[in-house]
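S.K.: If you scroll down you'll find the structure; I have some questions about it.
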Amino acid sequence: MPRTTPWLWFDTEAEDAASFYVALFPNSSITHVQRYQEAGPRPAGTVMTVEFDLDGQTYVGLNGGPEHRFTEAVSFMIDCADQAEVDHYWDAFARGGEPGPCGWIKDRWGLSWQVVPRALIELLNDPDPRVAEAVMGAMLQMSKIDVAELERARDAAA
């Protein structure tokens, strides 16, 4: 299968965003920066695209102008091993970002992320439907996902 590469449209902040992301995710780096030339449409020498790698996944940030903004219609889920990883990503995105419900958060550029601990997926797939229902109810009350609260919901339903 051909590899797909998400392109992210920014006004002028692609390089700042890429620098933030590669500092946040392990095994990540900026791999190429391309600048606008005299032909434009933006001033020559300004950053046009930034290619970056987040732990094996390539992304490209495009400084395309203010015409298009991010919406929740597209988001990136982060598979977090535990509460410490949830806290790491959530707290970083919250600085200048906008927390949402059920583990969703917008970063300072408006890009939506789902910060999801593996425990949530495991508990939602519990073979006991009472446990899965209780965990879903607990999650729906949260902004940042709290694994201990999910486990309390599981224990109360079991």
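The values are calculated or read from the model by the stated rules, or taken from the named source; none is laboratory data. Source: prediction; values computed, not measured. For neighbour counting, all protein chains shown are included, and Cβ atoms are generated from backbone atoms with ideal geometry for every residue, glycine included. Accessible surface is based on the protein model in full, side chains and every heavy atom, while ligands, DNA and RNA are left aside. Shrake-Rupley method; radii C 1.70, N 1.55, O 1.52, S 1.80 Å.
S.K.: Could you state the angle between the C-alpha long axis of helix 129-139 and the longest principal axis of the C-alpha atoms of the chain, as a value from 0 to 90 degrees rounded to the nearest 10?
M.R.: 50
S.K.: Would you kindly derive the ³J(HN,Hα) couplings of segment 21-28 from the backbone phi angles with the Karplus curve 6.51 cos²θ - 1.76 cosθ + 1.60 (θ = phi - 60°), listing them in order in whole Hz, with x for Gly and Pro?
M.R.: 4, 5, 6, 7, 9, x, 6, 10
S.K.: Quick one: with all protein chains in place, what share of the accessible area of the chain is carbon or sulfur, to the nearest percent (1.4 Å probe)?
M.R.: 53
S.K.: Counting Lys and Arg as +1 and Asp and Glu as -1, what is the net charge of the other residues whose Cβ lies under 12 Å from the Cβ of PHE70? Show your work: numbers first, answer last.
M.R.: Numbers: positive: ARG69, LYS106, ARG108; negative: ASP11, GLU13, GLU72, GLU98, ASP107.
Net of charged neighbours comes to -2.
S.K.: Something else about it: In a solvent-free Debye calculation with one equal scatterer on each Cα, what is log10 I(q)/I(0) for segment 1-134 at q = 0.09, 0.11, 0.13 Å⁻¹, listed in the order of the q values?
M.R.: -0.33, -0.47, -0.63
S.K.: Which loop trypsin sites (Lys or Arg not before Pro) in segment 33-95, with loop taken from DSSP, have no more than 11 other Cβ atoms within 10 angstrom of their Cβ?
M.R.: Values: sites: ARG35, ARG69, ARG95; in loops: ARG69, ARG95.
Filter output for segment 33-95: ARG69, ARG95.
S.K.: Once every DSSP H run of n ≥ 4 in the chain is given -39500 (n - 2.57) and the sum is divided by its residues, what mean residue ellipticity at 222 nm do you get, rounded to the nearest 500 deg cm²/dmol?
M.R.: Here the helix-only value at 222 nm equals -10000 deg cm²/dmol.
S.K.: Give me the accessible area per residue for segment 1-154, probe 1.4 Å, as a whole number in Å².
M.R.: Details: 8470 Å² over 154 residues.
Spelled out: the 1.4 Å probe surface of segment 1-154, per residue, equals 55 Å².
S.K.: I would also like to ask the following. Taking amide H positions as placed 1.01 Å from N in the peptide plane, with prolines and chain starts having none, which residues 5 or more places from THR31, or on another chain, fall under 5 Å of its amide H?
M.R.: GLU51, PHE52, ASP53
S.K.: Now for a separate question. Enter the angle in degrees (range 0 to 90, nearest 10) between the Cα long axis of helix 147-157 and the first principal axis of the Cα atoms of the chain, meaning the one along which they spread out most.
M.R.: For 147-157 against the chain, the angle is about 30 degrees.
S.K.: Out of residues 5 or more away from CYS102 or on other chains, whose amide H comes under 5 Å of its own, with H placed 1.01 Å from N in the peptide plane?
M.R.: Amide H to amide H, under 5 Å and 5 or more residues apart or across chains, CYS102 pairs with MET142, SER143.
S.K.: Tell me the relative contact order for the chain as a rounded percent, counting alpha carbon contacts under 8 Å between residues six or more apart.
M.R.: Over the chain, the number comes to 18 percent.
S.K.: Could you tell me whether segment 95-158 comes out rounded, prolate or oblate from its Cα gyration tensor? Rule is a ≥ b ≥ c as square roots of the eigenvalues, rounded for a/c under 1.5, then prolate if a/b exceeds b/c, otherwise oblate. Provide the component values of the computation, followed by the final result.
M.R.: Working: a/c = 3.16, a/b = 2.64, b/c = 1.20.
Prolate shape, in that a/c is at least 1.5 and a/b is the bigger ratio.
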